[in-house]
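Structure, as structure tokens:
The values are calculated or read from the model by the stated rules, or taken from the named source; none is laboratory data. Because the structure is predicted, anything quoted here is derived from the model rather than measured. Reconstructed Cβ throughout: ideal geometry from the backbone, glycine too, with neighbour counts over all protein chains shown.
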Amino acid sequence: MSITVCVVCRESAEKAFPVGSFDEFKCPNCGYYSVNRQLLEDMAAAKQIFDTERTQQYLKIQLCSDQVPAITRIEATKHELIAPNLRNR
């Protein structure tokens, strides 16, 4: 793992090697989770970020399963995990 920034809370985290089309993160605040790489690229291009509180809550709920919580475009949209764009304010 390498040191990076958590894409959810933007604090220091560890990033694992890519797994398929996902990047995995291990964050002391958000836990161990994965995010679809294309979603991260699309969000970066649109200058979007995750809603930290809402996404952390989503990850906690997903921890109940035996799998690493994964955030896809569908999950991000369905659970409104992307923060509203504040550029126009």
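Within segment 26-52, the residues that satisfy the criterion of being surrounded by 16 or more Cβ atoms within 10 Å (Cβ to Cβ), touching a Cys at 6+ places or on another chain (Cβ under 6 Å) and either farther than 23 Å from Asn85 by Cα or touching a residue at least 40 places away in the same chain (Cβ under 8 Å) (or both) are Cys27, Thr52. Close contacts from segment 62-83, counting a first residue that is in a strand (DSSP E or B) and a second that is among the β-branched types (Val, Ile, Thr), with Cβ to Cβ under 6 Å and a gap of 6+ residues or different chains, come to Ile71/Val35.
Within segment 55-89, if we keep just the residues that are closer than 19 Å to Glu11 by Cα and surrounded by fewer than 15 Cβ atoms within 10 Å (Cβ to Cβ), the residue that is modelled with the lowest pLDDT turns out to be Lys60.
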